[in-house]
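To start, the structure under review is shown below, and the notes come after it.
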Amino acid sequence: MRSMRIVGHGGLDVLQPANVAVPAPRPGEVLVQVSAVALNNTDLWTRQGAYGRPEDMNALSGWRGPIGFPRIQGADVAGRVVAAGTDSGRNLVGRRVVVDPAIYDSDRPDANPVGLMGSERDGGYAEYVTAPEERVHDMTDSPLTDDQLASLPTAYGTALGMIERGRLRAGETALVSGASGGVGLALVQLARARGARVLAISSGSKVEPVRDAGAHEVVDRAQDIAGQVRTAAPEGIDVALDVVAGDLVREGLPLLREGGRWVIAGALGGHQVAFDVRRLYLHNAQVIGSTMHTPTHFDLLMDMAQRAEIQPVVAATFPLGEAARAQAELARRNHVGKIVLHP
């Protein structure tokens with residue numbers, strides 16, 4: 001089969017085409033013919049080795065540690081099941097599916113992700129990929145397209161995990177950073193669907209698509225963000241859903257209401273953060289780290305997708321062989337929504 005693999009950490013040149021054997025599903029696994037695979041920042045950072053390690057922040061690393069090369073990238077897969085290994089109890093062959101790309105630390109419904117397809121195991125930058133049967137969700141009856149379904153796992157799973165861990169409730173005010181990106185746009189849609197008032201931070205040229213996604217107010221990131229938020233929400237915000245971090249955390253913490261929650265799932269604005277801790281303990285505020293989703297979160301997301309309660313925005317599509325060009329486009333951040341590859 002055709003695939004795109006990284007042969008080491010580095011620039012776009014380490015992402016190379018390769019013809020490899022179609023993987024055979026092991027007991028409890030299924031074989032998925034990939035129809036669409038969406039790109040994420042995790043693809044860029046895994047290729048670059050940008051995640052660091054607890055003992056060495058500057059170490060080259062995959063999502064959760066050293067990875068084996070070559071590695072087929074791609075966490076977000078939609079496709080059709082074409083074969084099943086032994087001990088597969090569900091009849092999924094022929095069904096249109098979405099794969100939960102997380103590798104969990106246990107079988108609990110609230111398990112934490114400790115690995116990711118496309119980093120800790122081969123992913124969907126290929127014509128076929130194997131996946132554990134219990135992580136494959138039948139979406140045959142969903143009205144969403146395959147491109148839209150492929151847009152869900154990492155971006156919408158991460159967004160829903162942030163919302164759940166931040167305990168966002170209907171009637172609360174949510175602040176969404178990086179609102180035009182894949183996770184940001186998902187946060188806007190999901191927070192709006194939950195009944196929250198959504199303030200989104202984005203660049204001026206992307207205001208209308210972010211507003212169309214459900215934002216009640218859009219704050220221009222090139223201007224005084226804190227001042228704009230105070231004007232739009234003079235009583236403060238309940239939950240910040242942040243994929244930017246950096247200086248935004250220091251500037252934004254004073255905007256939280258009493259008992260507010262600042263949820264971080266990315267660091268587009270910088271890994272190192274300094275803030276006045278008095279803004280935490282004097283106001284019973286919380287800073288919450290959030291990585292992807294739990295199995296329960298993902299089940300909820302798939303239920304929403306079955307009913308088309310969310311509508312992922314696909315910004316562009318590329319053939320599999322142009323994965324490097326697609327990653328370059330993702331890194332430029334000139335788009336709104338998701339970029340998808342077609343094997």
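The values are calculated or read from the model by the stated rules, or taken from the named source; none is laboratory data. These figures come from a predicted structure and were not determined experimentally. Here the Cβ positions follow ideal geometry from the backbone for every residue, glycine too, while neighbour counts run over all protein chains shown. For accessibility, only protein heavy atoms count, side chains too; no ligands or nucleic acids. Shrake-Rupley method; radii C 1.70, N 1.55, O 1.52, S 1.80 Å.
Below 9 angstrom from the Cβ of Ser88, what's the summed charge of the other residues (Lys, Arg +1; Asp, Glu -1)?
-2
In nm, to one decimal, how far is the modelled label at Glu134 from the one at Val93, with both set 7 Å along Cα→Cβ?
If labels sit at Glu134 and Val93, their model points lie 2.3 nm apart.
What's the carbon and sulfur percent of the stretch 1-149's accessible surface, probe 1.4 angstrom, rounded to a whole number?
48
At a probe size of 1.4 Å, how large is the accessible area of Val273, to the nearest 10 Å²?
Surface open to solvent at Val273 totals about 60 Å².
With every protein chain left in place, what is the accessible area per residue of the stretch 236-304 in square angstrom, probe 1.4 Å?
43
Rounded to a whole number, what is D in µm²/s for the stretch 215-285 from Stokes-Einstein with the Kirkwood radius over alpha-carbon pairs (37 °C, 0.692 mPa s)?
Rounded to a whole number, D works out at 263 µm²/s.
For the stretch 249-343, compute Rg over Rh where Rg is the Cα radius of gyration and Rh is the Kirkwood radius from the inverse mean 1/r over Cα pairs.
Here the Rg-to-Rh quotient is 1.09.
Which translational diffusion coefficient, to the nearest whole µm²/s, is obtained for the stretch 35-125 from the Stokes-Einstein equation, given a Kirkwood hydrodynamic radius over C-alpha pairs, 37 °C and 0.692 mPa s?
226
Just the number, please: carbon plus sulfur as a percent of the accessible area of the stretch 196-244, 1.4 Å probe, no ligands or DNA/RNA counted.
Using a 1.4 Å probe with all protein chains present, the stretch 196-244 comes out at 46 percent carbon and sulfur.
What's the longest piece of the chain with no exposed GluC sites (Glu not before Pro), counting a site as exposed if DSSP puts it in a loop and it has at most 11 other beta carbons within 10 Å?
The longest uninterrupted stretch comes out as 56-234.
Show me the trypsin sites (Lys or Arg not before Pro) within the stretch 215-309 that DSSP assigns to loop and that have at most 12 other Cβ atoms within 10 Å of their Cβ.
Passing sites in the stretch 215-309 are Arg307.
Return one whole number: the accessible area per residue of the stretch 33-184 in Å², for a 1.4 Å probe.
36
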